[in-house]
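J.: There's a structure below that I have some questions on.
The values are calculated or read from the model by the stated rules, or taken from the named source; none is laboratory data. What you are looking at is a predicted structure, and each value in this text was computed from that prediction instead of being measured. Cβ coordinates were reconstructed from backbone atoms using ideal geometry, including for glycine residues, and neighbour counts include every protein chain displayed.
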Amino acid sequence: MTARTGHAVIMGASMAGLTAARAASNHFERVTIVERDRLAEEAENRKGVPQGNHAHGLLATGYRVLDAYYPGLFDEIVANGGKRGDVTGDFLWYQYGNWKLRTNCGLGGCIMSRALLESTVRKYTKALPNVTFADGFDAEHPVYAGGRVTGVTIKSHDTGAIETMDADLVVDATGRGSQSPKWLQEWGFKPAPETQIEVNVGYATAVFERRETDLWGASGAIIAGTVPRATRFAAVIAMEGERWMVTLAGAVKDYPPTDLPGWTDFARGLPTIDVSEMLKGREPIGEILSYRYPANRRRHYEQLETFPEGYVVIGDAVCSFNPVYGQGMSVACMEAKAFDECLAAGRQGLWKPFFARAKKITESPWTIATGEDLKYPQVVGKRPPGFAFVNRYMARAHDACAKDPVVLRQFFNVANLLAPPASMLSPRIAWRVAVGGRGQRQKSPATVR
């Protein structure tokens, strides 16, 4: 590794910002993370991450990046109440009218609240000797001069004082609210073209006591109906403190209520009654919280011919997905690893290879998320060629996953961004799907086969 030189400033202490800082720490003498929220030491939700109150998934790809970047991270998370396990052996999946086969597929993961994950990643990032945090500061705007970004103007929440922080590289990890398109225009650059597909998803999350026999001893479940007939979903995850976090979700404005009777009634409308039956007689711990997400949005920075030196955009600020599919944190981790590798190749013109890599990384999750969302006739967007055929095929593939471990493993390789969606059409998988899968269906997911 070459000597670390210079100063990198990361705007935003989300998962994208934290992992970008970890990547930058391999190449810069100093890395500063600027965050408007005051950051607590303990696991707690914060204003800048309103979605943090709801169920989150970390895919196998994200798990592997974090495990490599922060040795011991998941041991500490488990010690604080997280649950390690197999993606299909310890976690349950009800999709397209069936429980998927409960069997160990070999993909490891960890279940925990977003607050526990983020606070632990933040702790490990803070421990890096060349990384510091400037929390309680707004990143007002990057400083641009002579064709490059040279720093960031920051403002203290406590005193209102404004100062300029010089930097050799500035990273925008501010999420969906990123102001980079506006700043690019102010600096005389073209903004990135955008693709947006509105799906209008709403969440309502309640926390309940967790009992050992719930969900046949599994550490959580995803409940999803057959799109487009079904608009309701649920994510149930074991969280620290022997509690369940239960997130109800509705697409195309079928928003779950936040009053308990309405929330309970919405849960009864899920495609299986197992969640509502499990929660009978239990009272939520605390209030029911809501969150709404209007649209998938992708900014095509890779299409730009010119871009300021000393500046990159990462995470949700580049591409954000319908959160129902649990891809965002893992994509941010994958982009951080790509950012690390691009920095190793040289800082000059960094934006070009990085945005090319980001395009490749976001292609599969974008295809998966929007492919499902576009099944709703209410969702406006161009359906790709073969859309109806792929939908019919994937409905059969879901059915095969109820009994065939080979199809199941490949499906979750794709869902975890370890293989491209087209791999579901490989001859090895396609013939199994065509015959309806091999093996026997389970009567229930009560045991691991």
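J.: So, Ser180, is that one out of contact with any Gly (no Cβ under 7 Å at 6 or more places or on another chain) and either under 25 Å from Val49 (Cα atoms) or modelled with pLDDT under 95 (or both) or not?
T.: Working: out of contact with any Gly (no Cβ under 7 Å at 6 or more places or on another chain): yes; either under 25 Å from Val49 (Cα atoms) or modelled with pLDDT under 95 (or both): yes.
Against the criterion (out of contact with any Gly (no Cβ under 7 Å at 6 or more places or on another chain) and either under 25 Å from Val49 (Cα atoms) or modelled with pLDDT under 95 (or both)), Ser180 qualifies.
J.: Shifting gears a bit: In the range 23-57, what residues are surrounded by 15 or more Cβ atoms within 10 Å (Cβ to Cβ) and modelled with pLDDT of 95 or more?
T.: Passing the criteria: Ala23, Ala24, Ser25, Asn26, His27, Phe28, Arg30, Val31, Thr32, Ile33, Val34, Glu35.
J.: Within the range 50-61, does at least one residue satisfy the condition of being more than 25 Å from Phe233 (Cα to Cα) and in the same structural domain as His157 (by TED's automatic domain parsing)? It would help to see each step written out before you state the result.
T.: Narrowing the range 50-61 to residues more than 25 Å from Phe233 (Cα to Cα): none.
For the range 50-61, residues more than 25 Å from Phe233 (Cα to Cα) and in the same structural domain as His157 (by TED's automatic domain parsing): absent.
J.: Provide a single number: the residues in the range 322-345 that are of a type in the set (A, V, I, L, M, F, W, C) and within 15 Å of Lys360 (Cα to Cα).
T.: Taking the range 322-345 as the starting set, the residues that turn out to be of a type in the set (A, V, I, L, M, F, W, C) are 324, 329, 331-334, 336, 338-339, 342-345.
Narrowing the set further to residues that are within 15 Å of Lys360 (Cα to Cα) leaves 331-334, 336, 338-339, 342.
The number of residues fulfilling the criteria is 8.
J.: Continuing with the same structure: Give me the helices (runs of 4 or more DSSP H) completely within the range 239-351, filtered to those with at least 2 residues that are free of Cβ contacts under 8 Å to residues at least 12 places away in the same chain, ordered by residue number. Break it down stepwise before answering.
T.: Numbers: elements: 260-268, 274-278, 328-345.
Hits in the range 239-351: 260-268.
J.: While we're here: What is the residue count in the range 108-139 for residues that are out of contact with any Lys or Arg (no Cβ under 8 Å at 6 or more places or on another chain), assigned to a loop (DSSP other than H, G, I, E, B) and in contact (Cβ under 8 Å) with a residue 12 or more places away in the chain?
T.: 1
J.: For the range 176-193, check the following and say yes or no: at least one residue is in a helix (DSSP H, G or I), over 30 Å from Thr370 (Cβ atoms), among the hydroxyl-bearing types (Ser, Thr, Tyr) and touching a residue at least 12 places away in the same chain (Cβ under 8 Å). Step through it out loud before you land on a result.
T.: Filtering the range 176-193 for residues in a helix (DSSP H, G or I) gives 176-177, 180-186.
Keeping just the survivors that are over 30 Å from Thr370 (Cβ atoms) gives 186.
Filter again for among the hydroxyl-bearing types (Ser, Thr, Tyr), leaving none.
Scanning the range 176-193, I find no residue that is in a helix (DSSP H, G or I), over 30 Å from Thr370 (Cβ atoms), among the hydroxyl-bearing types (Ser, Thr, Tyr) and touching a residue at least 12 places away in the same chain (Cβ under 8 Å), so the answer is no.
J.: Answer yes or no as to whether Thr231 is in contact with a Gly (Cβ under 7 Å, 6 or more places away or on another chain) and either modelled with pLDDT under 95 or crowded, with 24+ Cβ neighbours inside 10 Å (or both). Let's see the steps before the verdict.
T.: Values: in contact with a Gly (Cβ under 7 Å, 6 or more places away or on another chain): yes; either modelled with pLDDT under 95 or crowded, with 24+ Cβ neighbours inside 10 Å (or both): no.
It is false that Thr231 is in contact with a Gly (Cβ under 7 Å, 6 or more places away or on another chain) and either modelled with pLDDT under 95 or crowded, with 24+ Cβ neighbours inside 10 Å (or both).
J.: May I ask you to list pairs of residues, at least six apart or on different chains, whose Cβ atoms are under 6 Å apart, with the first in the range 1-28 being of a type in the set (Phe, Trp, Tyr) and part of a loop (DSSP other than H, G, I, E, B) and the second being surrounded by fewer than 20 Cβ atoms within 10 Å (Cβ to Cβ) and at pLDDT 95 or above?
T.: Phe28/Gly6
J.: Checking the condition within 28 Å of Leu116 (Cβ to Cβ), of a type in the set (Val, Ile, Thr) and surrounded by 17 or more Cβ atoms within 10 Å (Cβ to Cβ), which residue from Val312, Val252, Val236 passes? First the steps, then the outcome.
T.: On the way: Val312 fails: within 28 Å of Leu116 (Cβ to Cβ); Val252 fails: within 28 Å of Leu116 (Cβ to Cβ).
Sole residue among the options that is within 28 Å of Leu116 (Cβ to Cβ), of a type in the set (Val, Ile, Thr) and surrounded by 17 or more Cβ atoms within 10 Å (Cβ to Cβ): Val236.
J.: Here's a follow-up. If a residue has to be at negative phi, surrounded by 17 or more Cβ atoms within 10 Å (Cβ to Cβ) and under 23 Å from the mean Cα position of the chain (by Cα) to count, how many in the range 205-227 make the cut? Walk me through it before giving the result.
T.: Residues of the range 205-227 at negative phi: 205-214, 218-219, 221-227.
Next cut, surrounded by 17 or more Cβ atoms within 10 Å (Cβ to Cβ) only: 205-208, 210, 214, 218-219, 221-225, 227.
Subsequent filtering for residues that are under 23 Å from the mean Cα position of the chain (by Cα) retains 205-207, 218-219, 221-225, 227.
Of the residues in that region, 11 qualify.
J.: Can you tell me which residues in the range 69-94 are surrounded by fewer than 21 Cβ atoms within 10 Å (Cβ to Cβ), in a helix (DSSP H, G or I) and in contact with a strand residue (DSSP E or B) (Cβ under 6 Å, 6 or more places away or on another chain)?
T.: Val78
J.: Right, next: When you check Ala251 against the structure, is it under 26 Å from the mean Cα position of the chain (by Cα), within 30 Å of Gln179 (Cβ to Cβ), at pLDDT 95 or above and assigned by TED's automatic domain parsing to the domain that holds Arg232, yes or no? So that I can check it myself, show each step before the final result.
T.: Working: under 26 Å from the mean Cα position of the chain (by Cα): yes; within 30 Å of Gln179 (Cβ to Cβ): yes; at pLDDT 95 or above: yes; assigned by TED's automatic domain parsing to the domain that holds Arg232: yes.
Judged against the criteria, Ala251 is a match.
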